[in-house]
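Taken together, the values in this text are just the output of simple stated rules run on the coordinates, not laboratory data. Nothing here was measured: the structure is a model prediction, and the numbers come from that model. Note: ideal-geometry Cβ built from the backbone for every residue, glycine included; neighbour counts use all protein chains shown.
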Amino acid sequence: MTDTTLTGRCLCGAVHYTVTGNLLRFLHCHCERCRRASGTGHASNIILKPAGIDWQSGESSTRRYKVPEADRFSTVFCTHCGGPVPREHGDMVVVPAGTLDSAPEHGPDAHIFLDSRAPWSCEAGGLPAFAEYPTA
């Protein structure tokens, strides 16, 4: 696999980042936590591994919120505008796709947690759909 480099920023531009790693998946997640965190019908996230976040500016303006009862769900956001920014989970980085400066070379792979989809949210369309996380 070759490394992918993604750049992006928050809504107000206070936080800029670069992430480099192997792109594992680009997923639309319909779980309740992602819907509540994004305020939309699903969160569109790109997962890279191994990866780290190189904060170009504004790292001190970021905050993490971890849902206390969740094993791995958290969100990181800009304290000025509330816009989401990438978050680290072990040696993986989850990049909110809407924060990217340009379109990634790799399009979405699948919809996950489609059984949790809000009735008014988009259908899976032509992408594979999973009730939970895909196994492979």
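Beta carbons closer than 7 Å, at least 6 apart along the sequence or on distinct chains, pair a first residue in segment 115-136 that is surrounded by 15 or more Cβ atoms within 10 Å (Cβ to Cβ) with a second that is in a loop (DSSP other than H, G, I, E, B) and of a type in the set (A, V, I, L, M, F, W, C) for 116/31.
Taking segment 12-33 as the range and being within 20 Å of residue 106 (Cβ to Cβ) and over 13 Å from the mean Cα position of the chain (by Cα) as the test, the residues that pass are 17, 18, 20, 21, 22. Among the residues making up segment 98-111, a single one is crowded, with 19+ Cβ neighbours inside 10 Å and either of a type in the set (Val, Ile, Thr) or not in a strand (DSSP E or B) (or both): 99.
Could you tell me whether residue 36 is among the charged types (D, E, K, R) and either in a helix (DSSP H, G or I) or over 13 Å from the mean Cα position of the chain (by Cα) (or both)? Here the answer is yes, as residue 36 does meet what is asked. Scanning segment 17-45 for residues that are buried (at least 18 other Cβ atoms within 10 Å of the Cβ), free of Cβ contacts under 8 Å to residues at least 60 places away in the same chain and in contact with a Lys or Arg (Cβ under 8 Å, 6 or more places away or on another chain) returns a single hit, 43. Is it the case that residue 61 is of a type in the set (Ser, Thr, Tyr) and more than 20 Å from residue 12 (Cα to Cα)? No.
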